[in-house]
Amino acid sequence: MPFETVEYQREGSLALITLNRPDKHNAIDAAMMQELAAALDAAEADEAVRAVVLHGAGRSFSSGFQIGTLDRSSPDAVRRGLRADFDLILRFWDSPKPTVAAVHGYCLGGAFELALACDTTVASTDALFGEPELKFGSGIVALLLPWVTGPKQAKQILFAGLDRIPAERAERLGLVNEVVAPGDHLEAALALARRMATVDQAALRLTKRAINRSYEIMGFREALLQALEIDTAIELGDSPEAAEFREIMRRDGLKAALAWREGRFGATPEGD
């Protein structure tokens, strides 16, 4: 397929989708969103594909949705943009075929939510997970985290804007299924996907539907959509703090804006 920001390959009974903007840590822009959706369309339409593996080229899985790409020309444009992000993430949760994320390097923000939406996640020991959105004055597009790990851990990660959660801790929190040596994440994910490909596919689809349906009964979809509305309100809001952060970011860059935010109250940057 003639993609520019994504690679799509068939490997026997597997579809391998690669986020392919390595010079940008595979930051997800509008073009990548469209191509990622098209690649998943292809995998789901191909009867020979029995499992899907998602990973990133270069040094990282993905740093998340690219900052500054949300169309803010009108409230409706903001709503449409956030809903498009949300729908893309949930496609991996809803896909009738099993989805496996192979993670290394950074896996942040919307990319973390993509990995959470996949049925299983394999990570290398060099992987770093997190949700830094609140540090940017943004909200969470797909609030999957508390459903996967629980409210106490989710609140710590989200409220502190943690973005350097090591793979071993992510595994303890139930966010990752398996942690492997650096460089082994993709092969381990492919091996897991191949095992999934050997089972009865009709039974697998129905079992996935049953698990997902259990979450639906608990209010999963309604809660995520309500959280999306709150995220929209956050993005449309213009508090003095958010306005100053955006002005510093516009004038001096993101690092300066983050330093301003952390420095006001004597916070110690994560990892120090």
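Just one of the numbered conditions (1) charged (D, E, K, R); (2) modelled with pLDDT under 95; (3) within 23 Å of Leu162 (Cα to Cα) is not true of Asp71: (3).
Step by step: first the residues of the stretch 136-164, then only those that are part of a helix (DSSP H, G or I), in contact with a Phe, Trp or Tyr (Cβ under 9 Å, 6 or more places away or on another chain) and touching a residue at least 12 places away in the same chain (Cβ under 8 Å), then the one that is nearest to Val53 (Cα to Cα). Which residue is that? That would be Leu145.
Between Ala37, Ala27, Ala43, Ala15, the distinction of being modelled with pLDDT of 95 or more, surrounded by fewer than 16 Cβ atoms within 10 Å (Cβ to Cβ) and small (Gly, Ala, Ser) belongs to Ala37 only.
State yes or no: is Val49 assigned to a loop (DSSP other than H, G, I, E, B) and either farther than 25 Å from Pro132 by Cβ or modelled with pLDDT under 95 (or both)? The answer is yes for Val49.
Within the stretch 40-88, being over 24 Å from Ser124 (Cα atoms) and of a type in the set (Gly, Ala, Ser) holds for Ala42, Ala43, Ala45, Ala48, Gly68, Ser73, Ser74, Ala77, Gly81, Ala84. Just to be sure before I move on: is Val78 over 26 Å from Val179 (Cβ atoms) and part of a loop (DSSP other than H, G, I, E, B) in the structure I sent? The answer is no for Val78. Annotation note: of Leu14, Leu90, Leu70, the sole residue that is in contact (Cβ under 8 Å) with a residue 60 or more places away in the chain, under 28 Å from Leu258 (Cα atoms) and not acidic (Asp, Glu) is Leu70. Annotation note: of Ala170, Ala123, the sole residue that is within 29 Å of Gly68 (Cα to Cα), touching a residue at least 40 places away in the same chain (Cβ under 8 Å), not in a helix (DSSP H, G or I) and not charged (D, E, K, R) is Ala123. Just name the residue that is nearest to the chain's Cα centre (by Cα) out of those in the stretch 52-68 that are surrounded by fewer than 16 Cβ atoms within 10 Å (Cβ to Cβ) and modelled with pLDDT under 95. So the residue we want is Ile67.
The values are calculated or read from the model by the stated rules, or taken from the named source; none is laboratory data. Here the structure is a predicted model, which is why all the values come from computation and not from measurement. With ideal geometry, Cβ positions are generated from the backbone for all residues, glycine too; neighbour counts draw on all protein chains shown.
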